[in-house]
Structures are given as C-alpha cells and as structure tokens.
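Peer 1: Quick one: this structure, given as structure tokens, is what I'll be asking you about.
The values are calculated or read from the model by the stated rules, or taken from the named source; none is laboratory data. None of the values given here were measured: they were computed from a predicted structure. When we count neighbours, we look across all protein chains shown, and the Cβ atoms used for this are built from the backbone with ideal geometry, even at glycine.
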Amino acid sequence: MSGGADLPPGDNRPHRVGPEQAGDGLAIIHDCLAAGDTVQAARLLAGEHPSDVAQLLEQLDADGRAQVVDLLRPDFDAEILAYLPGDLRDELIEQLNPAELAAAVAELETDDAVDVIQDLDEQAQAEILANLPPEARALVEEGLTFPEYSAGRLMSRAFVSVPVFWTVGGLLDYLRAAAVSADSDVPEQFYDIIVVDPMLRVAGTVPLSRVLRAKRGVKLADILHEDVHRIPATMDQEEVARCFRKYGLVSAPVVDGAGRLLGVITVDDVVDVIEEEAEADLLALGGVEEGDLYRAVLDTTKSRFRWLAVNLVTAIVASLVIGLFEATIQQVVALAVLMPIVASMGGNAGTQTLTVAVRALATRELSQANALRVVGKEVLVGAANGTLFAVIAGGVAYAWFHDPLIGLVIAAAMVVNLLCAGLFGALIPLVLDRLKIDPAVASGVFLTTVTDVVGFLAFLGLASWVLT
C-alpha cells in the first residue's frame, strides 16, 4: 500500500511526474522487450523509479512480467512491490526465492515491509523472516502482530524522538551528528520532533519550523504542542485517515495502550489509505474484486458469478411481479413498451441517493443523529423529481399512444417509484450500517430489487385498475 514510499538516500533515478514522461520511458522499455533487446531493457530499467517499473509491470502480460523480474533479479528493489496491487504483487513474489525477497525487503521501511509480506501464507512469511537481519526481523514480526488495516500495520519506525528535558541546541547538535554518522537511525525525511517523557510516553511534538525559529537555549518543553493527536496502534486505518483529514495533520505519533511511543504515521501513508478505501468501495458497488484485471479468465468468472447470481434472483422477483399482470399487459400492449421506463428511472434515481448516502456514511457526515433529516430530504427530492418527470413521461406517453389514461398511469407510477427510490436509497445504507454490514457491498442489490418491484407494481397495478 505504500505508494508514497520515499526515495532511498542518493537515489537519482528519475521519478516521472506526468503521464507523457512516464509513457515515453516505459514505451521505450516495452519496445526493447518486444524486440528481444534485454541488455538495453535492463539498462533502462535500472534507471527507472520503482513506481514507474510497477506501472510497466501492470501493462505487461504474465510472460512479460516474468521477463522483467529476471532482468531485475540481480538487484531487485522491493519498493516495486510496494507500488503494485495485491494480486500482481503476489504473482511477482512467487518468482523470487525467499533469500532474494528477504534481501530486498530488508531495505524497506518497516511499514512497507509489513505490507509486502502480510498477505503471504505462514510458510512463505517464515522463510522470508528467517532470512532478514535480526533487527529488521524483530520490527516486522512486531508489525505483523497488530490487526490488519490498523495503525500498527500502517506506522513507520523512522522517526525522531528526544527527551522532554532537551534544549533546542541539544536537539540541533544531535541531528547534525546523526547526519554524518554511518549507523544513525535518524530518517532522511521527517516533519515533527516527537518529545517523550522518561517512560517513553508522548509529551508532545515540535514542528521543525518552530525548532529553526527558536534560540539554542530554549527548552523543548516550552515550545512543544501538547494537544498532539495520539493514534492508538489498534485504530482502524479508515479512522486514521479521517483523523488526518479532520485535523489537517501531516504526521502523528502511534502509541500503545499505555501511551508509549511505537511509531509514526505520515500523510503519504494516509493518502494511500484514502485511495485504497475509495477503490474498495467502488469495486464493491460494482460487485467486482481487486485484481480482476490481472486474473485468469476462469478466476475472474468465478469471482463475478456470485454477484450476478444474486442479481438473477432479484430479476426473477421483478419478473414474478410482472407475471401477476400478464392479462392486463395482453389487453394493453402499450404497457409492455412503457414499463421499463418507470423501473429504469427509479433505479437511476435510487443510485444517486445511494451513492450520496454511502459516501456520507464513509466520511461520517451521515449518522443516526441526522439520519431523519437526510432521509426526509431525499424523499422530498424524489417526490419533486418524480413530479417533474411525471409531467414529461405522461406527455410523451399521450403523444405516442394518444390515450390520456396511459399518460396518467405512467405519470402516477413515476411519482411513486422516484419517491420510493429516494426513501430506500437513503434508508437501506443506514439500516445495513446499523447491522454492521458494509453498505457499499450490499446496498445496490437491495435497492435494485425495491425500485424494480415498486416500479412494476405501481405501473401495472394502476394500469390494471384504470385501464381494464
């Protein structure tokens, strides 16, 4: 997940900043691979940023990816894995032996290393951990003990923490000495100085800007921010992202249950979380899974079959409703032509409301406290749009079939279905969220059933009553 991984010290590889630049460089490498010029391809790959190499791997087929891995094998950069989607990452990991992968993972930050190996089976994890240096192994093993998708998995161990009794001068001397020390654990990039008490509990943070402005004799205790947002190691990553967004954080310390400092989360990690969660919700709404683009045809077919089977059941339910009015449809053939309009409009209106509600739940803008107001608003919007489109659809139906009663029926059905679409589009996600079911996953199928059944029932029921 660490798409925001930092460049290692002294890394002068170009980081493509625009699609045109990246496209040109990757296109040349792609052409070299196609022409069999592996020597030139290897030379060009060595100069590319890991994110651009990951982009190239995403564009190649399985054979092409295997060829690139072979070219990179002598000095494989594990940062490439950090930029890849899960399924594609697993495919590449299988092509590397544990010793090669461990050597690469050892160069990563702890959060990146945990992210790379956390989805592997226990045997593969054990093989990689056994090949890691003792210090790196201990940090990675500790990271794996935290719950998945938690702050503990997300945090980095690269931070600067100093005692609360230090002065600005002492801090600056320490940082300058660390800059020339070969075995210093001070990171290349950091935003805040974390100040801790003798028990390693976070006392506050001091931004670098404040350090640079203060005189050497000033105590850190006098200039630190005490209202620092401490992130519990067990906090879900969505909550972490929400906290960063709400308070405009650049970095935040991660603490254990006793308030002791464990690590730090920076905004680049949070950007990855936001993208990951948004992508997951989008895929869930469509009933597809991450990695479908790279899976074999049979695997993709299996993963999509379940969702389509559920939709088939809902379609059968809607068809059964239509079957109840078979005699009416036979008498008035125009109904068969017009009834998809009502169901389609209801489905689209409901999807609009559903999208707003699911997003609002995810961002905590919608809760039980304001649920009644939001549902009421969506019902009014549905009724208003239903009335407007009732006039339009009724007029079209009258002009088409020259029967005012048919126009009246479709107009009334349009109002009923769009009103219900607004009601259930907001209500279904709220109910599912209350039941601890992900609204992004399950809302769509329920809403489709409601709008189809209500649309057909209202249209054909009114037609049966008015026209026959």
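Peer 1: Quick check on my filter: what residues within segment 414-433 are touching an Asp or Glu at 6+ places or on another chain (Cβ under 8 Å) and without any contact (Cβ under 8 Å) to a residue 40 or more places away in the chain?
Peer 2: 432
Peer 1: Can you give me the number of residues within segment 192-209 that are of a type in the set (Gly, Ala, Ser) and in a helix (DSSP H, G or I)?
Peer 2: Residues that pass the stated criteria total 1.
Peer 1: Related question: Exactly one of these conditions fails for residue 246: (1) surrounded by 14 or more Cβ atoms within 10 Å (Cβ to Cβ); (2) out of contact with any helix residue (DSSP H, G or I) (no Cβ under 8 Å at 6 or more places or on another chain); (3) within 30 Å of residue 364 (Cα to Cα). Give me its number.
Peer 2: Among (1) surrounded by 14 or more Cβ atoms within 10 Å (Cβ to Cβ); (2) out of contact with any helix residue (DSSP H, G or I) (no Cβ under 8 Å at 6 or more places or on another chain); (3) within 30 Å of residue 364 (Cα to Cα), residue 246 violates only (1).
Peer 1: Which residue, of 139, 92, 132, 108, is touching a residue at least 24 places away in the same chain (Cβ under 8 Å), touching a Ser or Thr at 6+ places or on another chain (Cβ under 6 Å) and either within 30 Å of residue 71 (Cα to Cα) or in the same structural domain as residue 54 (by TED's automatic domain parsing) (or both)?
Peer 2: Step by step, each of 139, 92, 132, 108 is checked, and only 139 is touching a residue at least 24 places away in the same chain (Cβ under 8 Å), touching a Ser or Thr at 6+ places or on another chain (Cβ under 6 Å) and either within 30 Å of residue 71 (Cα to Cα) or in the same structural domain as residue 54 (by TED's automatic domain parsing) (or both).
Peer 1: With respect to residue 430, determine if the residue is part of a helix (DSSP H, G or I), within 23 Å of residue 242 (Cα to Cα) and at pLDDT 90 or above.
Peer 2: Yes.
Results for (1) more than 27 Å from the chain's Cα centre (by Cα); (2) surrounded by 21 or more Cβ atoms within 10 Å (Cβ to Cβ), shown as yes or no for each residue.
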{"site": "55", "(1), (2)": "no, no"}
{"site": "61", "(1), (2)": "no, no"}
{"site": "70", "(1), (2)": "yes, no"}
{"site": "84", "(1), (2)": "no, yes"}
{"site": "97", "(1), (2)": "yes, no"}
{"site": "103", "(1), (2)": "yes, no"}
{"site": "110", "(1), (2)": "no, no"}
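Peer 1: Is there a residue in segment 258-274 that is part of a loop (DSSP other than H, G, I, E, B), hydrophobic (A, V, I, L, M, F, W, C) and without any contact (Cβ under 8 Å) to a residue 24 or more places away in the chain?
Peer 2: no
Peer 1: Right, next: Please enumerate the residues belonging to segment 151-191 that are part of a loop (DSSP other than H, G, I, E, B) and among the aromatic types (Phe, Trp, Tyr).
Peer 2: If the condition is that a residue be part of a loop (DSSP other than H, G, I, E, B) and among the aromatic types (Phe, Trp, Tyr), then 159, 165, 166, 190, 191 are the ones that fit.
Peer 1: Moving to a separate point now. In segment 132-185, which residue that is at pLDDT 85 or above and among the β-branched types (Val, Ile, Thr) is surrounded by the most Cβ atoms within 10 Å (Cβ to Cβ)?
Peer 2: So, considering only residues that are at pLDDT 85 or above and among the β-branched types (Val, Ile, Thr), the one surrounded by the most Cβ atoms within 10 Å (Cβ to Cβ) is 140.
Peer 1: Next up: Determine which member of the set 421, 426, 411, 442 is assigned by TED's automatic domain parsing to the domain that holds residue 358, among the small types (Gly, Ala, Ser) and farther than 16 Å from residue 355 by Cβ.
Peer 2: The match here is 411.
Peer 1: Next question, about the same structure. Looking at segment 337-358, can you tell me whether even one residue there is part of a loop (DSSP other than H, G, I, E, B) and out of contact with any strand residue (DSSP E or B) (no Cβ under 8 Å at 6 or more places or on another chain)?
Peer 2: no
Peer 1: Evaluate segment 177-190: report whether one residue or more is free of Cβ contacts under 8 Å to residues at least 60 places away in the same chain, within 29 Å of residue 107 (Cβ to Cβ) and among the acidic types (Asp, Glu).
Peer 2: Looking through segment 177-190, at least one residue is free of Cβ contacts under 8 Å to residues at least 60 places away in the same chain, within 29 Å of residue 107 (Cβ to Cβ) and among the acidic types (Asp, Glu).
Peer 1: Check segment 171-185 and report whether any residue there is among the hydroxyl-bearing types (Ser, Thr, Tyr) and closer than 25 Å to residue 273 by Cα.
Peer 2: Within segment 171-185, none of the residues are among the hydroxyl-bearing types (Ser, Thr, Tyr) and closer than 25 Å to residue 273 by Cα.
Peer 1: Right, something else. Contact list please: Cβ distance under 9 Å, first residue in segment 209-227 and in contact (Cβ under 8 Å) with a residue 40 or more places away in the chain, second residue aromatic (Phe, Trp, Tyr) and part of a loop (DSSP other than H, G, I, E, B), pairs at least six apart or on different chains.
Peer 2: 219/165; 219/166; 220/165; 220/166; 221/165; 221/166
Peer 1: Continuing with the same structure: Can you name the residue in segment 263-311 that is crowded, with 18+ Cβ neighbours inside 10 Å and of a type in the set (Ser, Thr, Tyr) and is also modelled with the lowest pLDDT among such residues?
Peer 2: This residue is 294.
Peer 1: Kindly list the number of the only condition in (1) surrounded by fewer than 17 Cβ atoms within 10 Å (Cβ to Cβ); (2) farther than 27 Å from residue 234 by Cβ; (3) in contact (Cβ under 8 Å) with a residue 12 or more places away in the chain that fails for residue 119.
Peer 2: With (1) surrounded by fewer than 17 Cβ atoms within 10 Å (Cβ to Cβ); (2) farther than 27 Å from residue 234 by Cβ; (3) in contact (Cβ under 8 Å) with a residue 12 or more places away in the chain applied to residue 119, the lone miss is (2).
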